[in-house]
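Take a look at the structure below.
The values are calculated or read from the model by the stated rules, or taken from the named source; none is laboratory data. The shown structure was predicted, so the numbers you read here are calculated from the model rather than taken from an experiment. Because the Cβ atoms are built from the backbone with ideal geometry, glycine has one as well, and the counts that use them run over all protein chains shown. SASA here: full protein model, heavy atoms, side chains in, ligands and nucleic acids out. Shrake-Rupley method; radii C 1.70, N 1.55, O 1.52, S 1.80 Å.
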Amino acid sequence: MQLGLRIAKRLGVFSVSLLGASLLIFAITQALPGDVAQVLLGTDATPEAVAQLRAQLGLDRPWLVQYLDWIGGILTGDFGVSHLSGDAVVSLLLPRLAVTMWLVGFAMFGSLLLAVPAGMIAALKRRSWQGILVSASAQVGMAIPVFWGGILAVVIFAVWLRWLPANGYVPLTQNPASWAAHLVLPVLTLSAVQAAVLIRYVRSAFVEVLNEDYYRTARSIGWTPMRALFRHGLRNVAISLVTVLGLQVSSVLVGAIVIESVFSLPGLGSLLMTAVAQRDLLVVQGTVMFLVLAVLAISALVDFSYLLIDPRQRTGREA
Amino acid sequence: MSEALFRVEKLTRRYSDPGREVLGLDQVDLSLAKGGRLGIVGESGSGKSTLVRLLAGLDRPTSGRIWYEGTEITGLPERRLGFLRASVQMVFQDPRSSLNPRMRVGDIITEPLRSRLVRRQLSAEVDHGARLAEVLAAVDLPADAAGRFPHEFSGGQRQRIAIARALAPKPEVLIADEPVSALDVSVRAQVLNLLTELVADQGLTLIVVSHDLMVVRHLCDQLAVMRAGRIVEQGATSDVYSAPKTDYTAALLAAVPKIRTGAGRGDSEPPGRFGEPKSGREGAHQ
Amino acid sequence: MKKAQLVAGLVLVGLVVLAAVVSLFWTPFDPIRVVPGERLAPPSLTHFLGTDGFGIDIFSRLLVGARTTLAVGIISVSLAAVFGVPLGMLAGQAGGWVDDVVMRTADVVYALPALLLAMLLASVFGASTTTAMIAIGVASIPAFARVARAGTLQVMAADFILAARVSGTSRWGVASRHVAPNIAPVIGVQASVGFAMAILAEAALSYLGLGTPRPNPTWGNMLRDAQNYLFVAPLQAVWPGLAIAVAVLGFNLLGDGLRDYLDPRLREVP
Amino acid sequence: MSLLEVRDLTVRFGRHRTVAVDGVSFSLAAGGRLGLIGESGSGKTVTALAILGLLPGNADLSGEIDLAGHRIATLSEQRLSRLRGDVVSMVFQEPMTALDPTMRAGRQVAEVLRLHAGAEAGPARDRVVAMLAEVGLADPERVADSFPHQLSGGQRQRVILAMALINAPELVICDEPTTALDVTVQATVLEKLDQVLDASGAACLFISHDLAVVSQVCDQVMVMLDGRLVESGSVAELFTNPKHPYTKGLVATARLDAVEPGQRLPVVEDFYHPATGESR
């Protein structure tokens, strides 16, 4: 019963957060000086034309009605319609979703692949040069802006070495080899920068375990340091890492949006950048809402994964 | 019978933990006369700390009533508890936790004097400097201690600082919650001597909470034994020690380890025990 | 070792501050005026780091860029701290439903990163240094609130809070005399680390064209310009990035150094 | 020949080479029970960790430790690991944190068997449950299937005791094993410890600040002060007729029951004045 209660509670938090986020996003767009109709028609439009467009777009209704209309649409999968092109936001989103998903997915995976072993070395060898070197590299890596990392990668691997394309994208279905070649640099850049941040957390999670009484107990019954760490450390490290991953989701997503710009990848980031440049408000609003929804959903999933790895969350105290 | 300083009637405190309710204190009755020295003993989870926190007005009971000098304190808002704050002071277990590491010792000790709530109760304006020097002398600390920070002192000295703070507003009642449990054995006796001395000199009413029956026996003339939120036995300390009326008290007394100086192992009586615990109550103290 | 971090951090941050201060009085060349004849000059004695695609001295733009970096950092971190710290302390001290409301709100804001916030603001008001500052500042409030709350909870669990209450100290007294001084170090660390994050965010925003617009130089928009000449003048893309990295590294090191330096428990006699 | 022989053990820590243990020598015969008394920071725990070869990386050790024919300081980590849990085992102070929170208690006990005896899962389970019963757990099956957070402090300490004893080690080191427990629980745990040590014939190095507890378990006792051994002897001798002024002070202050309530208690300073005074 405790388990069900926890899940229900977390779903409640998810819904409330979603409500709050949508209100916040809607409120910001309401702050527009003048309104969308004015922006669309330009400053020299006649008041009659503006009023007509307002009525057409439903902007003359009270804000609460407009909000309910908008959020009701989102709950049924309708993220609005572009004022400029007349396209549904969903029809703009879907074809670009894959690019961003590949980026975020590979980067999360790649950063873990880099950060877990590196963080472990940094923790175990923290008193020798290997560990200090890893920690120092992570410190430097954290200071490198992801887009600069991307630019440098282009300079080195595309301009000088000419191993990989500098930018652009080919869908997986069209040419898998070319698809991979175009994703290598962006994914590597994003993974490396993200890994630098993660290494610190992995390191401190391992150091914490090394200082735990139960690690000492494991050593005292005859495990070697490495095997004690694997048997009794990894699961406990995973518990603290899951929290971090939940918090990292949004930063990987932001990184992906920026990196799309560096490598001219046609993902959600480029959709957003175009919409912002054209001040296509409903597209920005809809896409941002979609991304926030994704972040909130993933962090809820991350919380559920606690239940899988931490018995203290799963079973109550018997007494 | 003299007017009771503290009177407690059917005091109950429940804590709600996610998913279940925990009974901290269950229908406790108690009364303590002015000048009395009451020891409250029990194991972890027995409710002894909960009881004194309620007495000190740090927590609110789920039900039941508490009177201090005839005034009911249960249900009073914080701003009307000034009289209690001026006359009931506390000393805690671990001076590393009970002294703010970022305050100078002088400021720590005079904190009770600076509170508006307490100041209103004091008859005349107190000279902080003079009172500070007085209490520092009373606990055998040098006058220049006032300008230093807690971490510059040893464990025993820090507990003296905590005692000095409690004495600053000239309280009627001193509540000591495990006052020597966090201290090394060699310092423990010094602090116990100091407490004995201060209580005698200043005519304090003393309430001591401890898991250590020997500490309570030394400091107190009355004793309450608590278990699972209830007082299971109450009486004059000497009576309870010489002739415990309940099995639990007897077991608790028998379990106190005594120095065995017999020739070899095995010829001493087995240490006392009290069955296999029935609940998760058994266990480590806080 | 820990002290070395603090010193290295101070030196790097000092360099950035020095660049910003110097640029107020002197730059080798005009950092804004276009000089068509000197486009894409390589590094030389006249132009230490060469010129950009508009013929403007890169070194001069770098110096002026430090100003924007620091200004955005200071304002957004202050904004975040002024709102975040009291909210976090309130949540930690009050507990119960107040805590729930504050922290759930923080979670909502946290789900809206500075970049997305800046995009919303830019599409409503147009991109500017101000929208970047506000976006970064607002997006950083949850981090400050969380740190302040965690610190407050830790302090509130100490017995000296009970002792203060027994002494009749009011809630305000507890907050100002006990909680605030004890969480000040962690807030200082968060401010330093938050500053580094703000620099990264500002650089990303102006790189994307969501922050300070041309011709005013920022390190981010210099990289945006440089990207057009990657095949002819790749070095141009090195300098502004290096400047960002130095500034971020400096504030991160400063934060780590402060963390160890300010923690009184580490200095305590065992 | 003695089971454990420690000669001139000195341990220093960190860059400042702070001395934690200073020239300590003692020996312990097979099946013997040796108590080690001292206050916090006196070097008791460091001595125990040195014997197990578990000192942290920044520790610097000199002197010799011979355990069951092995010279500890010269052994590789691999060989040391094989001794731990097999020849020597340890019971720690904090039952609340000494067990892995993510693993069931029974499996943690069974690990010791698997590591050293190469036991199969099936029979190992039976031996684990039997061992849990032997250390006085009323419902060993349920305890074996519980996670640590589902057990009380006393139950956890008994699980740790079972881990330390299941492989019949020659030496069990107990570091303040009952300090965190309530008195009645302490009494039962001490009684069980006494019984299982007797049954297995293992030697025990028992570390505590509590003189009474040490006197319940041990025959021989040593007193440690600021990293040095100041006195050692039989329990009967040392507690009735202490020689060193510090020991005299300790014994005097430990006997609260010997003083009339309200009378002045003897303090260590009545007997022994450390040169530095109370402030460190």
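Kindly establish whether A:Leu103 is assigned to a helix (DSSP H, G or I), at pLDDT 90 or above and either buried (at least 21 other Cβ atoms within 10 Å of the Cβ) or in contact with a Cys (Cβ under 7 Å, 6 or more places away or on another chain) (or both). When the stated conditions are applied, A:Leu103 passes them.
Within the range D:19-42, being under 13 Å from the mean Cα position of the chain (by Cα) and either more than 14 Å from chain B (Cβ to nearest Cβ) or open to solvent by 20 Å² or more (accessible area, probe 1.4 Å) (or both) holds for one residue alone: D:Leu36.
Mind checking which residues of the range C:154-192 are under 22 Å from C:Tyr261 (Cα atoms) and open to solvent by 40 Å² or more (accessible area, probe 1.4 Å)? Residues satisfying the conditions are C:Gln154, C:Arg177, C:Pro181, C:Ala184, C:Val186.
For the range A:203-217, give me each residue that is facing chain D (nearest Cβ under 7 Å) and not hydroxyl-bearing (Ser, Thr, Tyr).
Matches in the range A:203-217: A:Glu212, A:Asp213, A:Arg216.
Which fully enclosed helices (runs of 4 or more DSSP H) of the range A:266-319 have 2 or more residues being open to solvent by 40 Å² or more (accessible area, probe 1.4 Å) and more than 14 Å from chain B (Cβ to nearest Cβ)? Spell out how you get there, then give the answer.
Values: elements: A:268-278, A:281-309, A:311-314.
The helices (runs of 4 or more DSSP H) meeting that bar are A:268-278, A:281-309.
Given the criteria among the hydrophobic types (A, V, I, L, M, F, W, C) and farther than 28 Å from C:Ala132 by Cβ, does C:Leu45 qualify? Judged against the criteria, C:Leu45 is a match. For the range A:188-199, does any single residue satisfy the condition of being free of Cβ contacts under 8 Å to residues at least 40 places away in the same chain and surrounded by fewer than 23 Cβ atoms within 10 Å (Cβ to Cβ)? Checking the range A:188-199: not a single residue is free of Cβ contacts under 8 Å to residues at least 40 places away in the same chain and surrounded by fewer than 23 Cβ atoms within 10 Å (Cβ to Cβ).
Which of the residues that make up the range B:251-285 are among the aliphatic types (A, V, I, L, M), modelled with pLDDT of 50 or more and open to solvent by less than 40 Å² (accessible area, probe 1.4 Å)?
Applying the first criterion (among the aliphatic types (A, V, I, L, M)) to the range B:251-285 yields B:251-256, B:259, B:263, B:284.
Now drop any that are not modelled with pLDDT of 50 or more, which leaves B:251-256, B:259, B:263.
Residues satisfying the conditions are B:Ala251, B:Leu252, B:Leu253, B:Ala255, B:Val256, B:Ile259.
Of everything listed in (1) modelled with pLDDT under 90; (2) more than 30 Å from C:Val155 (Cβ to Cβ); (3) open to solvent by less than 60 Å² (accessible area, probe 1.4 Å), the single unmet condition for C:Phe48 is (3).
Of the residues in the range B:182-198, at least one is in a loop (DSSP other than H, G, I, E, B), open to solvent by 20 Å² or more (accessible area, probe 1.4 Å) and over 27 Å from B:Tyr68 (Cα atoms). The set of residues in the range D:74-91 that are open to solvent by 30 Å² or more (accessible area, probe 1.4 Å) and at the interface with another protein chain (Cβ under 7 Å from one of its Cβ atoms) comprises D:Glu77, D:Gln78, D:Arg82, D:Asp86.
Within the range C:226-255, the set of residues being in a helix (DSSP H, G or I) and modelled with pLDDT under 90 comprises C:Ala226, C:Gln227, C:Asn228, C:Tyr229, C:Pro234, C:Leu235, C:Gln236, C:Ala237. Do the conditions hold for C:Ala127, that is, is it over 24 Å from C:Val101 (Cα atoms) and in contact with a Phe, Trp or Tyr (Cβ under 7 Å, 6 or more places away or on another chain)? Here the answer is no, as C:Ala127 does not meet what is asked. Restricting the range A:210-251 to residues that are of a type in the set (D, E, K, R), in a helix (DSSP H, G or I) and more than 30 Å from the chain's Cα centre (by Cα) leaves a set whose member that is farthest from D:Glu111 (Cα to Cα) is A:Asp213. Evaluated against (1) within 19 Å of C:Leu235 (Cβ to Cβ); (2) touching a residue at least 12 places away in the same chain (Cβ under 8 Å); (3) not aliphatic (A, V, I, L, M), C:Ser44 falls short on exactly one condition, (2).
When you look at B:Gly64, is it more than 13 Å from every other protein chain (Cβ to nearest Cβ) and in contact with a Ser or Thr (Cβ under 6 Å, 6 or more places away or on another chain), yes or no? Yes, satisfied.
For D:Thr45, are the conditions met, namely being β-branched (Val, Ile, Thr), touching a strand residue (DSSP E or B) at 6+ places or on another chain (Cβ under 6 Å) and open to solvent by 10 Å² or more (accessible area, probe 1.4 Å)?
The answer is yes for D:Thr45.
Right, C:Gly95: at pLDDT below 90 and within 30 Å of B:Ala168 (Cβ to Cβ) or not? Yes.
In the range A:123-145, of all residues being more than 25 Å from C:Gly241 (Cβ to Cβ) and more than 14 Å from chain C (Cβ to nearest Cβ), the one that is least open to solvent (accessible area, probe 1.4 Å) corresponds to A:Ala123. Among the residues making up the range B:129-148, those that are touching a Lys or Arg at 6+ places or on another chain (Cβ under 8 Å) and open to solvent by 60 Å² or more (accessible area, probe 1.4 Å) are B:Asp140, B:Arg148. When residues in the range C:80-100 are screened for being more than 10 Å from every other protein chain (Cβ to nearest Cβ) and more than 19 Å from the chain's Cα centre (by Cα), 14 of them pass. Screening B:Ser98, B:Ser31, B:Ser115 for residues that are under 27 Å from B:Arg217 (Cβ atoms) and crowded, with 19+ Cβ neighbours inside 10 Å leaves exactly one candidate, B:Ser98. Could you grab the pairs with beta carbons closer than 8 Å, sequence gap of 6+ or different chains, first residue in the range C:197-216 and without any contact (Cβ under 8 Å) to a residue 40 or more places away in the chain, second one assigned to a loop (DSSP other than H, G, I, E, B)? Final answer for the pair search is C:Tyr207/A:Pro145. Total residues in the range D:96-114 satisfying the condition of being open to solvent by 50 Å² or more (accessible area, probe 1.4 Å), part of a helix (DSSP H, G or I) and modelled with pLDDT under 90: the figure is 1. Scanning the range C:35-75 for residues that are outside any loop (DSSP other than H, G, I, E, B), within 29 Å of the chain's Cα centre (by Cα) and among the small types (Gly, Ala, Ser) returns C:Ser60, C:Gly65, C:Ala66, C:Ala71, C:Gly73. Restricting attention to the range C:213-225, the residues being touching an Asp or Glu at 6+ places or on another chain (Cβ under 8 Å) and either open to solvent by less than 10 Å² (accessible area, probe 1.4 Å) or in a helix (DSSP H, G or I) (or both) number 4. Listed by position, the helices (runs of 4 or more DSSP H) inside the range D:119-231 whose residues that are over 16 Å from the mean Cα position of the chain (by Cα) and either within 11 Å of chain B (Cβ to nearest Cβ) or in contact (Cβ under 8 Å) with a residue 24 or more places away in the chain (or both) number at least 2 are D:121-134, D:140-144, D:153-165, D:183-200. For the range A:165-176, filtered to residues that are open to solvent by 40 Å² or more (accessible area, probe 1.4 Å) and either in contact with a Phe, Trp or Tyr (Cβ under 7 Å, 6 or more places away or on another chain) or of a type in the set (D, E, K, R) (or both), the residue that is farthest from A:Ser264 (Cα to Cα) is A:Leu172.
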